[in-house]
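This report refers to the structure that appears directly beneath it.
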Amino acid sequence: MKLFAKKQKKEKEPRYILSPLGTELNNYRVYYMSIWEKLLTFFAALVIGGFCGLVFYGNQFLDSTGYPTGATKIGNMVIFVSIGLLAGFYSLPTRAESLKKKRQQELALQFRSLLEALAVSLSSGMNMSDSLQAAYKDLRMEYTDKADIVGEVEEMILGIQNNIEIEEMILSLGERSENADIKNFATVFSVSYRAGGNIKDIVRRTGNIISEKIEINGEIETALSSNKVQFKAMMVIPVVMMLMLRGMSSDFAASFSTLPGILATTVAIILFGIAYVIGQKIMDIKG
């Protein structure tokens, strides 16, 4: 018997999940950036992080007259590359999370448009299959063919044509969406559709609920927009202030190269980092 069992690695969320029809569809619970997205994000973070690193920790090992030496140039290169790489690696999961949230928000907006189109068609007396066909045409006009919801509705239509139950297709979208409203709609729809429930009323009410939540979130975003701008500006102020302090005089700039100066700078950066994390959590709106 082994004393120490190997820890099982957490399984990576797949980029795509098979639909009931067997097609690979987006898993909206994760976002995997393309190579170009990763390169652009990493390079931008590398440059910005390296620059900030030089602002706070650059120009070490000056000579007695305050002029840079060969060791100063090497130190600046090491600082730029090391802090830039840290910023680059940190930026990748942060950017991926941001893009995931953006895609989920767009999916919620598009799903609302789907429900609105379905509600109109169902109210005119169409059945669910014909309503999906009509909604598909409306969504292609409102969005592009590459829009997520257009592909999802197209898959639902193909599923119906291949004798797959519509509620099973909608449940697949709900499970992949990581959106509570879409999940709830899929669950209620699957129970009510075969039981002969009022599908028209369910679609209309769900659409109204999603619309109200989107409008409330929009109002909150508008109210917080000025605060977010001020918050971002405050995060830039330390860099600007450090540049000003270093440019005031060579003697003043040299004080940042001493051990007390380095320690004080590090503590200040940690405090601003903590403030940034707290500020992000405060302004993060949970839909």
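Values in this text are rule-based calculations from the coordinates and carry no lab data. As the structure is a computational prediction, the values presented were derived from the model and not from experiment. When we count neighbours, we look across all protein chains shown, and the Cβ atoms used for this are built from the backbone with ideal geometry, even at glycine.
The figures follow:
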item	result
Per residue Cα convex hull volume in Å³ - calculated over the stretch 28-128	104 Å³
Value of relative contact order over the chain, rounded to a whole percent, pairs C-alpha under 8 Å and six or more apart	18 percent
Highest to lowest packing among 79-88, 217-226, scored as the average C-beta count within 10 Å	79-88, 217-226
Dipole magnitude (debye, nearest 20) for the stretch 119-176, charges at Cβ of Lys, Arg, Asp, Glu	180 debye
Å³ per residue enclosed by the Cα convex hull of the stretch 154-268	180 Å³
Total charge dipole magnitude, the stretch 1-151, about the Cα centre, Cβ charges on Lys, Arg, Asp, Glu only, Debye to nearest 20	780 debye
Whole-number Å³ per residue for the convex hull built on Cα positions in the stretch 126-167	61 Å³
Rel. contact order, % - alpha carbon contacts under 8 angstrom, at least six apart, the stretch 43-185	17 percent
Whole-Å semi-axes of the stretch 18-58's equivalent ellipsoid (Cα gyration tensor)	40, 9, 4
Estimated dipole of the chain in Debye, rounded to 20 [Cβ of Lys and Arg +1, of Asp and Glu -1, Cα centre]	1080 debye
Kyte-Doolittle mean at least 1.6, axial Cα span of 30 Å or more - DSSP H helices of the chain	35-57, 259-283
Shape box of the stretch 77-219 [Cα atoms, principal axes, largest first, Å]	70, 37, 29
Equivalent ellipsoid, the chain (semi-axes from 5 times Cα gyration tensor eigenvalues, Å)	53, 22, 16
